[in-house]
Amino acid sequence: FVNNRNPFTLSGSFMRGQFANDATQAIRTGTVFGSQLLGTSNGIRNSDSERNFTNWGGQALYKYLFPKEGKEWTADVNYNRSKSDNEGFFNTSYLNLPLQTRQQQLGTGSNEFVTAQTDYTNPLTDKIKLELGARAAVRNFRSDNFNFQDDNGDGQYEQVKNFTDRYKFNDQVYAAYGNFAHAFPKWGYQVGLRAESSQYTGTLLDIDSTFKNEYPLSLFPSAFVTYKLNEEDNIQLSYTRRINRPSFFQLIP
């Protein structure tokens, strides 16, 4: 507390983890032509894999409390970064064939996320309230995955380029909003508008292919009307426009 009107918060976190997995699988494969079974093969696959990750972040929050009750201004900044690496070996031996395959998978990844937000609340009267705010969110993601195969059984793994996945993207969203609410003895309303600008840039690193999605300006209005039937029951009519963003896995080709 700088003083009774200026609280400031600073926090941070660090996390580290490791996963290891050893497994043995019995595999039975059948070759079918039409409705006829031409033959089967049996094998044993031994896998040995490990994954490590670290995650760290920090947060700074500031609030200014005005002399007027309920009136305040806040500003927050968040930073988070994570890194990971993984390695796996897969050896398959076929019981009725003189065949053995040895495969290796290596991968690294990183994810960096920064958000900055500010909000302003002002109860103009005991029945009217105004809210304003702005937010910026920027994310940088990268994933590199490689597959190797030991064809000669001499421990020399060669990269299988058709099974390589190297990808990065940058995602940026900037937004500002305003809300106005007015309450009456039996009913009330709230109207708001959020303006948003967003862009997404992805790159396939092995073939130097870049593609973008850009939305320079998108508007998201909202409106709420509430009627008070009694002390316990309300009826509300509302309209909002929203966006359904792609999930993490939908962003990776």
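The values are calculated or read from the model by the stated rules, or taken from the named source; none is laboratory data. No experiment lies behind these values; they were computed from the predicted model shown. Please note: Cβ atoms are built from the backbone with ideal geometry, for glycine as well, and neighbour counts cover all protein chains shown. Side chains included, ligands, DNA and RNA excluded: accessible areas come from the protein's heavy atoms. Shrake-Rupley method; radii C 1.70, N 1.55, O 1.52, S 1.80 Å.
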If you keep only loop residues by DSSP, which trypsin sites (Lys or Arg not before Pro) in the stretch 1-61 have at most 14 other Cβ atoms within 10 Å of their Cβ? ARG5
Among GLY155, ALA137, THR125 the positive-end extreme of the charge dipole of the stretch 119-161 (Cβ point charges): THR125
Kirkwood Rh and Cα-based Rg: tell me the resulting Rg over Rh for the stretch 20-149, rounded to two decimals. 1.39
Within the P(r) computed for the stretch 80-205, what percentage of the Cα pairs occupies the region above 17 Å? 74
Heavy atoms of the protein only, probe of 1.4 Å, neighbouring chains included. What is the accessible area of VAL114 in Å², nearest 10? 60
What pairs from LYS129/LYS186; LYS63/LYS186; LYS63/LYS129 go past 24 Å between their alpha carbons? LYS63/LYS186
Taking N as the number of residues in the stretch 125-177, what value does Rg over Cα atoms divided by 2.2 N^0.38 Å take? 2.49
So for the stretch 1-70, what are the equivalent ellipsoid semi-axes in whole Å, largest first, each being the square root of 5 times an eigenvalue of the Cα gyration tensor? 64, 19, 6
Given (i) -0.79, -1.28; (ii) -0.63, -1.20; (iii) -0.61, -1.33 as candidate values of log10 I(q)/I(0) by the Debye sum over Cα atoms at q = 0.10, 0.16 Å⁻¹, which corresponds to the one derived from the coordinates? (i)
THR240 and ASN78 label points (each 7 Å along its Cα→Cβ direction) are spaced in nm at 1.7
Qualifying GluC sites (Glu not before Pro) in the stretch 34-132, DSSP loop, other Cβ atoms within 10 Å at most 10: GLU69
Cα gyration tensor of the stretch 187-252 diagonalised, 5x eigenvalues square-rooted, in angstrom largest first, produces semi-axes 42, 14, 5
Could you pull out every one of the lysines with an alpha carbon less than 21 Å from that of LYS212, ignoring same-chain neighbours closer than 8 positions? LYS168
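Quantify, in whole percent, the carbon and sulfur part of the accessible surface of the stretch 143-182 (1.4 Å probe; protein heavy atoms only).
Working: 1050 of 2350 Å².
Taking all protein chains in place, the stretch 143-182 shows 44 percent carbon and sulfur surface.
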Take each of the peptides 149-161, 182-194, average the number of other beta-carbon atoms within 10 Å over its residues, and list them starting from the highest. 182-194, 149-161
Candidate cut points under GluC sites (Glu not before Pro) in the stretch 178-253, DSSP loop plus at most 12 other Cβ atoms within 10 Å of their own Cβ, are GLU231, GLU232
All-pairs alpha carbon distance profile, the stretch 52-103, 10 Å steps from 0, percent: 17, 18, 15, 14, 12, 9, 8, 5, 1
